[in-house]
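The values are calculated or read from the model by the stated rules, or taken from the named source; none is laboratory data. Note that this is a predicted model, so its numbers are computed, not measured. Each accessible area value is taken on the protein alone, full model and side chains, heavy atoms only, with ligands, DNA and RNA left out. Shrake-Rupley method; radii C 1.70, N 1.55, O 1.52, S 1.80 Å.
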Amino acid sequence: MCRSDAARATIVIDSREQEAYAFDPRLAGAVRRALQAGDYSVGGLEDQVAVERKTLDDFVSTLIHRRRRFREELRRLSQYRAACVVVEAELLDVLGKRYRGEARPAAVVGSTLSILLDYGVPVVFCGNRQAACHFTQAFLLAAWKRWGR
């Protein structure tokens with residue numbers, strides 16, 4: 001049985017996500033529950049589609065200080081049909097070292113490239129939180145329209 005075009009996607013927010021995005025309720029519902037990987041997914045595709053959200057400070061800190069744990073997360077995400085890491089900053093913020101910590105910008109860029117090349121998981125610099133929220137919702141809804149309906 002095919003779902004009607006009126007069916008709405010449900011965005012799943014990981015229950016451990018502390019600063020959850022507020023998505024447009026006209027476009028999708030939202031629920032909170034534990035996810036195996038990532039901070040956001042879409043109902044029915046939780047084991048196939050995910051977005052990992054990071055502020056710039058958290059992204060840099062994770063790359064430097066929590067590398068082993070983050071690699072395990074990336075390994076899980078690499079098994080998904082579609083996954084990405086969304087950073088609430090511009091690449092220029094990295095290059096201008098607009099983050100806390102002693103990591104050199106070149107090291108952060110190199111680690112970012114390793115995420116893509118070693119795991120096949122893109123890192124999307126979205127500029128700010130609002131743009132990152134918009135991108136995350138669009139990414140999840142596009143996946144749902146493609147594979148979840």
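Using Cα springs under 10 Å in a Gaussian network model of the chain, which residue among ALA138, ALA83, ALA30 shows the largest mean-square fluctuation?
Of ALA138, ALA83, ALA30, the most mobile in the Gaussian network model is ALA138.
Which residue, ALA106, ALA89, ALA131, tops the fluctuation ranking in a GNM of the chain built on C-alpha contacts under 10 Å?
ALA106
Which whole-number percent is the relative contact order of the chain (Cα, under 8 Å, 6+ apart)?
Relative contact order here is 24 percent.
Report the antiparallel proportion of the DSSP beta bridges in the range 1-102 as a percent, rounded to a multiple of 5.
25 percent
With the full set of protein chains in place, find how many percent of the accessible area of the chain is carbon and sulfur; take the probe as 1.4 Å.
Here carbon and sulfur together make up 50 percent of the probe-accessible area.
Amide H to amide H under 5 Å from PHE125: which residues, 5+ apart in sequence or cross-chain, H placed 1.01 Å off N in plane?
Amide H neighbours of PHE125: VAL87.
If you build a Gaussian network model of the chain, linking Cα atoms that sit under 10 Å apart, which residue out of LEU116, LEU92, LEU45 swings the most?
Result for the chain, Cα springs under 10 Å: LEU92 fluctuates most.
For the range 106-113, what does the Karplus curve 6.51 cos²θ - 1.76 cosθ + 1.60, with θ = phi - 60°, yield as ³J(HN,Hα) per residue in whole Hz, taken in order and with x for Gly and Pro?
Taking θ as phi minus 60°, the curve returns 4, 5, 5, 5, x, 5, 5, 5 Hz for the range 106-113.
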